[in-house]
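**Student:** Attaching a single structure in structure tokens format; questions to follow.
The values are calculated or read from the model by the stated rules, or taken from the named source; none is laboratory data. What you see is a predicted model, and the numbers here were worked out from it, not measured in a lab. All Cβ positions, even for glycine, are placed from backbone atoms using ideal geometry, and neighbour counts span all protein chains on display.
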């Protein structure tokens, strides 16, 4: 395995990391369906420490438009309810003393279009990131050729592989974006 293969392998790893970042970013974007990740940014005052909601309660999605939160310590129920309200996510939590129910309201058509626009922008950011990774890989290949660590033929083959990996990465970004856009625009 030569130096050019290392460049291609590194590129593939970086593209995979970019795709993981995109997937993670997509889970926090709201669709018409309830998703526990919607509450990921909520911090609860847990004995004086701002703690992620998922670390002090069990979150479930029993229905497409409902998230239930069962705190591990019942004394936290008011703090959790307050944290959700203060997070300004547009949710109105309901507390029955045991469990907090968070109904997820349907999105308006205007809001759906706004969110779809956000999804496309996030997709474009990640497409650019993949292309930047391609540029970096190609520059590394040129440096290897200049230092005579690889031949021109090896550089040409590696550059073709880099392009194939880039095309596959961009296609995957597009696929993830289209899937999320469809989820957002579904009523």
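**Student:** If residue 59 satisfies all but one of (1) in contact (Cβ under 8 Å) with a residue 24 or more places away in the chain; (2) closer than 20 Å to residue 36 by Cβ; (3) in contact with a helix residue (DSSP H, G or I) (Cβ under 9 Å, 6 or more places away or on another chain), what's the number of the condition it fails?
**Tutor:** Here residue 59 clears every test but (1).
**Student:** Can you tell me how many residues within the range 43-55 are in contact with a helix residue (DSSP H, G or I) (Cβ under 6 Å, 6 or more places away or on another chain) and not in a strand (DSSP E or B)?
**Tutor:** Of the residues in that region, 1 qualify.
One line per residue, one yes/no per condition, for (1) assigned to a helix (DSSP H, G or I); (2) within 30 Å of residue 14 (Cβ to Cβ); (3) under 22 Å from the mean Cα position of the chain (by Cα):
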position: 78; (1), (2), (3): yes, no, no
position: 90; (1), (2), (3): no, no, yes
position: 107; (1), (2), (3): no, no, yes
position: 114; (1), (2), (3): yes, no, yes
position: 138; (1), (2), (3): yes, yes, no
position: 154; (1), (2), (3): yes, yes, no
position: 170; (1), (2), (3): yes, yes, yes
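**Student:** Please determine, by comparing only the residues of the range 114-135 that are surrounded by fewer than 18 Cβ atoms within 10 Å (Cβ to Cβ) and touching a residue at least 60 places away in the same chain (Cβ under 8 Å), which one is farthest from residue 172 (Cα to Cα).
**Tutor:** Only one residue tops the list, namely 118.
**Student:** Going by the conditions given, is residue 128 in the same structural domain as residue 14 (by TED's automatic domain parsing) and in contact with a helix residue (DSSP H, G or I) (Cβ under 9 Å, 6 or more places away or on another chain)?
**Tutor:** no
**Student:** Residues in the range 22-42: is at least one modelled with pLDDT of 90 or more, assigned to a helix (DSSP H, G or I) and in contact with a helix residue (DSSP H, G or I) (Cβ under 6 Å, 6 or more places away or on another chain)?
**Tutor:** yes
**Student:** If residue 97 meets every condition in (1) outside any loop (DSSP other than H, G, I, E, B); (2) modelled with pLDDT under 90; (3) over 16 Å from the mean Cα position of the chain (by Cα) apart from one, which number is that one?
**Tutor:** (1)
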